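Following: one structure in structure tokens, then a few remarks.
The values are calculated or read from the model by the stated rules, or taken from the named source; none is laboratory data. Computed from a predicted model, the values in this text were never measured in an experiment. Every residue, glycine as well, gets a Cβ built from its backbone with ideal geometry; the counts of neighbours run over all protein chains shown. Heavy atoms of the whole protein, side chains included, go into the accessibility calculation; ligands, DNA and RNA do not. Shrake-Rupley method; radii C 1.70, N 1.55, O 1.52, S 1.80 Å.
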Amino acid sequence: MEQKVYYLKLKSENALRVLQRISTVFSRNRFNIEELHVKETEEKGVSLFSVTIHAEPARIDNLKKQLRRIIEVLEVTITAK
Amino acid sequence: MKITGAQALMEALVREEVNLMFGYPGGAIMPTYDALYDYQDKIKHVLVRHEQGAAISAIGYSRATGNVGVALATSGPGATNLITGIADALLDSVPIVCITGQVAAPLLGTDAFQESDIVGMTVPVTKWNYQITDASEIPEVVSKAFAVARHGKPGPVLIDITKDAQVQEFEYPALNDWPVFEMHNRYRGELSKANLQRAADLINEATQPLIFVGHGVLLSKAEEELIALSEKANIPVCSTLLGLSAFPSGHDNFKGMLGMHGNYGPNILSNKADVVIAVGMRFDDRVTGKLSTFLNDAKVIHIEIDQAELGKNIDPAVGLLADAKEGLQALLPLVEENKHPEWHQRFTDCYAEEMDKVIKQEILPTEGQIKMAEVIHMLSEKTQGQAIIVSDVGQHQMMAARYYGFERPDSHISSGGLGTMGFSLPAAIGAKFGQPEREVIVIVGDGGIQMNIQELAVAMQENIAVKVVILNNSFLGMVRQWQELFFEKRYSFTEMDNPDFVKVAEAYRIKGEKVEEREKLSAALDAMLATDKPYLLDIHVEKQDNVFPMVPAGAGVDDVRLS
């Protein structure tokens, strides 16, 4: 199936290992991270991850749900290019 | 008052009502073991012989009781040996908390002696994990660990505590200041009335409804609600491997097991159902077979606690994000009484065919060597379906699942998702500690028993009366079966030359008996059941027996083979 470009915004606790937890979800599903940016938001202790991936549209819903399983992840939004 | 991190850990565990843990000491966890020495009246510690045994015993304890199981290990190899058990607990949704020692914080990242990045290694196989480097974190982190392990879909949590944090003193929180972590589920709202009504309408209008029972029914203790729904609307019930014992086998509405080695009717008639109510199960590939041909004519009502499971493999007509008990309780008043005699008759017909072509020869053979199924069948009759059966992985596991008639909940303990060989003995030890009044019987192959055979020493030292039944065919039987059916009988490294298991047991001061003849089987099982001590039976069974029915890997459930 045709791949599309997706932009993900993840809000999470600003803590050790969160990047690994998130990246593990991508890698075990064989999504390559094309672009990644992480920064603490204005709200102290909350980080914002911005991630770009290429993916088949049918797989995005499940990816989102798997990311939402991570205890430290507070919010996930995904938009297509 | 000041206390050490290790003492705080003990206090925190007592607050979580932990009274049993399985573990193995070593350098980096020694301060914790030293604190444990003073807490032996509150927390019983069972010394395992391999850390994998600790994690799996914690699983067995949890699955027999519903409580959180706890395993304790040192850093490095102690910690890495836990990983198989942790991965098992993740796939089978078992709440366990593993606590590991770690090298002192200043040594982290230096390749210190017995340093391993266990937190990094267990990220993919835990619900949550955390490294404590400061003793004052212990009360809250332990509280959070247990909350995460229990909450929602249960699972494993690992806490790694550096050695210096274990000895560090800190100001002990006053009783009422002790932090209690509470989980907030961000993805669960009220069950919407509209969704419940849609589900009930589907059930009420169905002519061929079917209930699939998963492990979630046992985890949420929804057995009564399940029986009520099945009886009210007269719906046949099929179980996944892990759902076994949630619904009594002797009940008229119970039709057997789904999946690769499930019963004929449940497999072939799944695709004839017009409505399927899937309760606390996740449509694993061993259940669905080829997904594109599974349940194409059915509307699926999926009651599931994990949002990530809804729509993962099967798109439900109605998804109810709830634990099995809540979901069934909400649904029950909306479901009307009904009767489906013709639909039930089709299962009866399928069972008669399976009985004729498979079961009869399996459970009541009159010649040849002892068969696995006849041992299980006899055991089921002798224990009247009341025992806890802890099986390993392979042919004997499928035989135990197929031919033991489970009549009580939490009675079938097996490694479903991960398929962990070596699971049964340590899991049974954990289960027996949790349910000392119940008969706990290991069903294991000659391959699986040798993967954690050292745990016989635990049964010996603790005099814990697990009964071990080895169904010994001198083969890795399930792999051999696949080689026979799908690899042109090229038996590549599946035949085993085994030790004398009765002598091995004897070395552990455990009594046992070798059984090779059908005439001696019944008396041998009686002798095993009569003792209140650990016991081992080495039963030599037909070497090249196969498990049928079988849905070949990648085939649809319609293609289930009876031979």
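How big is the gap, in Å, between the Cα center of the stretch B:61-94 and the Cα center of the stretch B:365-439?
Going from one Cα centre to the other spans 21 Å.
Go through B:Ala58, B:Ala457, B:Leu36 and say which Cα lies farthest out towards the positive end of the charge dipole of the protein assembly as shown; charges sit on Cβ, +1 for Lys and Arg, -1 for Asp and Glu.
B:Ala58
For chain B, give the magnitude of the charge dipole about the Cα centre (Cβ charges: +1 Lys/Arg, -1 Asp/Glu; no others), in debye to the nearest 20.
360
Which of the lysines could a cross-linker span from B:Lys42 if the Cα-Cα distance has to be under 26 Å and same-chain partners fewer than 8 positions apart are dropped?
Partners within reach: B:Lys2, B:Lys144, B:Lys163, B:Lys432, B:Lys533.
Work out the length of the dipole vector of the protein assembly as shown about its Cα centre, built from +1 on the beta-carbon of each Lys and Arg and -1 on the beta-carbon of each Asp and Glu, and round it to the nearest 20 debye.
800
In whole angstrom, how far apart do the alpha carbon centroids of the stretch A:38-58 and the stretch B:98-118 sit?
Result: 30 Å between the Cα centres.
When the scattering of the stretch B:39-104 is computed by the Debye formula from its Cα atoms alone, each counted once and equally, what is log10 I(q)/I(0) at q = 0.19, 0.21, 0.22, 0.29 Å⁻¹?
Taken in order of the listed q values, log10 I(q)/I(0) reads -0.69, -0.82, -0.89, -1.28.
May I ask you to give the percent of accessible area on chain B that is carbon plus sulfur, with a probe radius of 1.4 Å?
49
Let's test this: bin the Cα-Cα distances of the stretch A:4-80 at 10 Å from zero up to the farthest pair and state each bin's percent.
Percent of Cα pairs in each bin: 19, 60, 20, 2.
Does chain B classify as rounded, prolate or oblate by the C-alpha gyration tensor (a ≥ b ≥ c root eigenvalues; a/c under 1.5 gives rounded; else a/b over b/c gives prolate, otherwise oblate)?
Oblate, because a/c is 1.5 or more while a/b does not exceed b/c.
Could you calculate the contour length gain from B:Glu488 to B:Lys533, that is, 0.36 nm times the residue separation minus the distance between their Cα atoms, to one decimal place in nm?
11.7 nm
At a temperature of 4 °C and a viscosity of 1.567 mPa s, determine how fast the protein assembly as shown diffuses translationally according to Stokes-Einstein, using the Kirkwood radius over alpha-carbon pairs as Rh; express D in µm²/s, rounded to the nearest whole number.
Stokes-Einstein gives a translational diffusion coefficient of 50 µm²/s.
Which net charge results when you count Lys and Arg as +1 and Asp and Glu as -1 among the other residues whose beta-carbon is under 11 Å from that of B:Gln7?
-3
Quick check: net charge around B:Leu91, other residues with Cβ under 10 Å of its Cβ, Lys/Arg +1 and Asp/Glu -1?
-2
Relative to the compact globular guide of 2.2 N^0.38 Å, what is the alpha carbon radius of gyration of the stretch B:428-509, as a ratio?
1.32
State, in square angstrom and to the nearest 100, the accessible area buried between chains A and B, both chains counted, probe radius 1.4 Å.
1500
Which one of A:Ile71, A:Leu10, A:Val38 is farthest out on the positive end of the charge dipole of chain A, using unit charges on Cβ (Lys, Arg +1; Asp, Glu -1) and the Cα centre as origin?
The one lying farthest along the dipole's positive direction is A:Ile71.
Any idea what the dipole of the stretch B:63-158 comes to, in debye rounded to 20, about its Cα centre with Lys/Arg Cβ at +1 and Asp/Glu Cβ at -1?
Taking the Cα centre of the stretch B:63-158 as origin, the dipole is about 460 debye.
Counting helices only, and only those DSSP H runs with n ≥ 4, report the 222 nm mean residue ellipticity of the protein assembly as shown as the sum of -39,500 (n - 2.57) divided by its residues, in deg cm²/dmol to the nearest 500.
Taking each H run of at least 4 residues, the total per residue is -9500 deg cm²/dmol.
Before I look further, what does the protein assembly as shown give for accessible area per residue, probe 1.4 Å, in whole square angstrom?
Averaged over the residues of the protein assembly as shown, the accessible area is 41 Å².
Treating cross-link reach as a plain straight distance, find the aspartates and glutamates whose alpha-carbon is under 19 Å from the alpha-carbon of A:Lys81, omitting any fewer than eight places away in the same chain.
Once the sequence-local aspartates and glutamates are set aside, what remains near A:Lys81 is A:Glu2, A:Glu34, A:Glu35, A:Glu56, A:Asp61.
Out of the DSSP beta bridges found with both residues in the protein assembly as shown, what percent are antiparallel (nearest 5)?
That works out to approximately 30 percent antiparallel.
State the dimensionless ratio Rg/Rh of the stretch B:184-270 (Rg: radius of gyration of Cα atoms; Rh: Kirkwood radius).
1.00
Can you give me the pair-distance distribution of the stretch B:193-346, C-alpha pairs, 10 Å bins, whole percents?
For the stretch B:193-346, the pair-distance distribution reads 12, 49, 36, 3.
Taking a cut-off of 19 Å between Cα atoms, list the lysines near A:Lys11, but don't count ones fewer than 8 places away on the same chain.
Cα-Cα hits under 19 Å: A:Lys39, A:Lys44, A:Lys64, A:Lys65, B:Lys127.
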